[in-house]
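The values are calculated or read from the model by the stated rules, or taken from the named source; none is laboratory data. Source: prediction; values computed, not measured. We place every Cβ from the backbone using ideal geometry, glycine too, and count neighbours over all the protein chains shown. What goes into the accessible areas is simple: the full protein's heavy atoms, side chains included, and nothing from ligands, DNA or RNA. Shrake-Rupley method; radii C 1.70, N 1.55, O 1.52, S 1.80 Å.
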Amino acid sequence: MLSRSSFTSLVVGVFAVYVAHTCWVMYGIVYTRPCPAAAGGGGGGEAGCVWPYLARRPKLQLSVYTTTRSNIGAESNIDLVLNVEDFDIESKFERTVNVSVPKKTRNNGTLYAYIFLHHAGILPWRDGKQVHIVSPLTTYMVPKPEEINLLTGESTTQQIEAEKQTNALDEPVSHWRSRLTLNVMVEDFVFDGSSLPADVHRYMKMVQLGKTVHYLPILFIDQLSNRVKDLMVINRSTTELPLTVSYDKISLGKLRFWIHMQDAVYSLQQFGFSEKDADEVKGIFVDTNLYFLALTFFVAAFHLLFDFLAFKNDISFWKKKRSMIGMSTKAVLWRCFSTVVIFLFLLDEQTSLLVLIPAGIGAVIELWKVKKALKMTIKWQGLRPKIQFGTYNDSEKKTEEYDTQAMKYLSYLLYPLCIGGAGYSLLNVKYKSWYSWLINSFVNGVYAFGFLFMLPQLFVNYKMKSVAHLPWKAFTYKAFNTFIDDIFAFIITMPTSHRLACFRDDVVFLVYLYQRWLYPVDKSRVNEYGESYEEKPKKKAHRE
């Protein structure tokens, strides 16, 4: 069996190898080896090299068409929605156009966008050197349930129309993608024909010009920018919908990285993740730039490591816990309640499985800790469980007195705030159901005033003039994660209440650190496992 220190060292070693391997893989994605024969320049037909057609500086035109068919021949049954005659690949732009919605699409059908990049003045299907790409402008999703004011029954018109459109809210309906983001790879990069990157190769179209092989402009659609918040329900009465077409150039390294990320999101959907689940992953890449994205990766990796170490030490602490001396039972009960409430809130909001599963595991662990704190034992009498509670000794009863006293003072402040917040939201905010209002009221109380329930433990520490009973190893790892959460609060888009919750924990932990400095460890007091150093049996002296 490995000792605890050896196991921790093993985990840290595996983590270091994982980070190093990930960095190597990322380097392989963003760096592409150029053709060795082209090192001298020229473009005079070096063997095995694939040259960029854009180096010839052709005059190009961008055309965007819409159609209900996934495959088109000539210019039949297609509508031109955008035409940029003097297209400059170096200049970014954004234009909003109105797109006519066919009857087939309004009846829960699909509409496709065909984007052509071709020579100026030539129709795309008559240009042998044109490149094109296809993207659906619609997707299927279950409409968001209607939210109403629970007292007045008032709801929004758009939600009522969405409900009328389908008989069952669990049936997916056609939604409009209001954004179309285009990119062209603008680097004059010379590829090695014998080792073309597989990710870029499927976007490349080759032409033979004399003795040299050229690749036509690489046109790319940024699917990661298609967010759920931009989707619009397509009603039967809708005849036109807005479409924002934006363009920006892209480097080869970023293009390859973006292709891999889109493939990863597509793989998640193939494994059963919904459009909403995949959208959570898209937000990580779209809402931050590449530098913050790299920082986010390293921060998230360390967050995962500290989460695991905190989890390991917390479980070890409570597994060996035999006494509740110096531990606030009310704080343990509150942590369990708040964790379960947050899990139910995430479940009610249909949050991504990436967030929901860890929250569920955390809720189960907190329930187990409550069982340990209350000294609960479950005995089965046939099919009926019987719950028994253990007894507390005099020292534990003294701790319980301090704990109850702290909660008494705290309740004077906490209960009016929570009741007032719940009443305000009932009057001014729309919800799907009374259950949704109840869960939201609880979770808002947890986010806004949850840190107050950490105060009873501080009060118990103050009364006992000791902090030796606390799981300081787990606290240390959680503290690192708290400061990491502070970084995420600036980088990642999140609700304001959750952002403030990150900073409130810092204040409480600083008070814990002050108490640790104020009350040095006394060997006569009990440690985190319910025993004192002086109670340990002394070894018998060897006989001469």
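Excluding ligands and nucleic acids, what accessible area in Å² is computed for R95 using a 1.4 Å probe, to the nearest 10?
Result for R95: roughly 100 Å² accessible.
V134 to I387: extension gain in nm, 0.36 nm per residue of separation minus the Cα-Cα distance?
Gain on stretching V134 to I387: 84.8 nm.
Points 7 angstrom from Cα along the Cβ direction at W125 and E401: gap in nanometres?
9.1
Put H119, H175, H21 in order of accessible area, largest first, 1.4 Å probe: what do you get?
Ranked list, largest accessible area first: H21, H119, H175.
If r is the Cβ-Cβ distance from R236 to E85 and R0 is 30 Å, what FRET efficiency results, to the nearest 0.05?
In this case the efficiency is close to 0.25.
Working out 0.36 nm times the residue gap between S267 and L347, then minus their Cα-Cα distance, what length gain in nm do you get to one decimal?
Here the answer is 26.5 nm.
Answer rounded, prolate or oblate for segment 358-412, using the Cα gyration tensor with square roots of eigenvalues a ≥ b ≥ c: rounded when a/c is under 1.5, else prolate when a/b is larger than b/c, else oblate.
Oblate, since a/c reaches 1.5 and b/c is not below a/b.
Would you mind checking K372/K432; K103/K205; K59/K254; K211/K254; K372/K465 for any pair whose Cα atoms are more than 32 angstrom apart?
Too far apart for the 32 Å limit: K372/K432; K103/K205.
Under a plain spin-label model, where a point goes 7 Å from the Cα along Cα-to-Cβ, how far apart in nm are H201 and F7?
My value for the distance between the label points is 4.6 nm.
Between K408 and S100, what FRET efficiency comes out of the Förster formula 1/(1 + (r/R0)^6) with R0 = 60 Å and r the beta carbon distance, rounded to 0.05?
0.35
Can you give me the relative contact order of segment 172-319 as a percent, contacts being Cα pairs under 8 Å and 6 or more apart?
31
Counting only protein chains, not ligands or nucleic acids, how are Y392, Y65 ordered by accessible area (probe 1.4 Å), most first?
Solvent-accessible surface, decreasing: Y392, Y65.
If R0 is 25 Å, what FRET efficiency do you get for L356 and R227 from their C-beta distance, rounded to 0.05?
Calculated value: 0.80.
Label-point separation (nm) for W380 and Y31, each offset 7 Å from Cα along Cα-to-Cβ?
Reported label-point gap for W380 and Y31 is 6.0 nm.
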